[in-house]
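Single-structure report; data block below.
Since every read-out is calculated from the coordinates, none of them should be taken as a lab result. Small disclaimer: the values here were computed from a predicted structure and weren't measured. Glycine also receives a Cβ, built like all others from the backbone with ideal geometry; neighbour counts cover every protein chain displayed.
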């Protein structure tokens, strides 16, 4: 508790000192959030267990039976970007519970009286979530390379995947903040988080192509931001693959979703303290 209180004081002082504008305020919030991660780096390792099992078990088995047509790439190569996107989703979607903890410990009130705008507070937390997503990227790349997945390592592809992962982490962590603002209790938040993750994951192109889906599920998948995250990663990460929607559309959708969610979360953010 004492440690969390010190974090809250640092956030408040950083926000007060950041008079240079919206970006500097958001950067100050993100910096303190990343410091939390440095103190508990084991979280990154524990979150790597699930994607590892998906690639080692699910990917290997379905790759052998060849039940899902994936074109010019193997099923494991098709799956690896989907599991990276899944890891981003699962890591970010429960990010909002920290807001409820901060409210219960009195840290949130210090944030809300700081000079930082509500949008900067939200964007700063979203930016720190991107660091968690990026760490998952490294783990998945290492594992995929060990399994023989044909990866692209040119600078443009690596930067593109990093940008897509950062955007995806920001989108789903901001969605998580909105849920935390609406439900306000840890128990309800965890329940809703569990309800959101499975539909978002299975109603996407993460583990099977859109062509295999019934028409109604294809429509749902095209409205799902996770589908565009998977598509961008797949087109940039795997040699011989391409983005089915087009990389431009993938990034436009992710960026548009982020802007919309940040605006909504900034409006709701003060209500979580009540």
Put a dot 7 Å past each Cα toward the Cβ at residue 49 and residue 248; how far apart are the dots in nm?
4.5 nm
Subtracting the Cα-Cα distance of residue 147 and residue 212 from 0.36 nm times their residue separation yields 20.8 nm
How far apart, in nm, are two points set 7 Å out from the Cα along the Cα-to-Cβ line at residue 223 and at residue 194?
2.6 nm
Determine the shape class of the stretch 158-211: with a ≥ b ≥ c the square roots of the Cα gyration tensor eigenvalues, call it rounded for a/c under 1.5, and otherwise prolate if a/b is greater than b/c, oblate otherwise.
oblate
In Å, the Kirkwood estimate of hydrodynamic radius for the stretch 55-214 over Cα pairs equals 17.4 Å
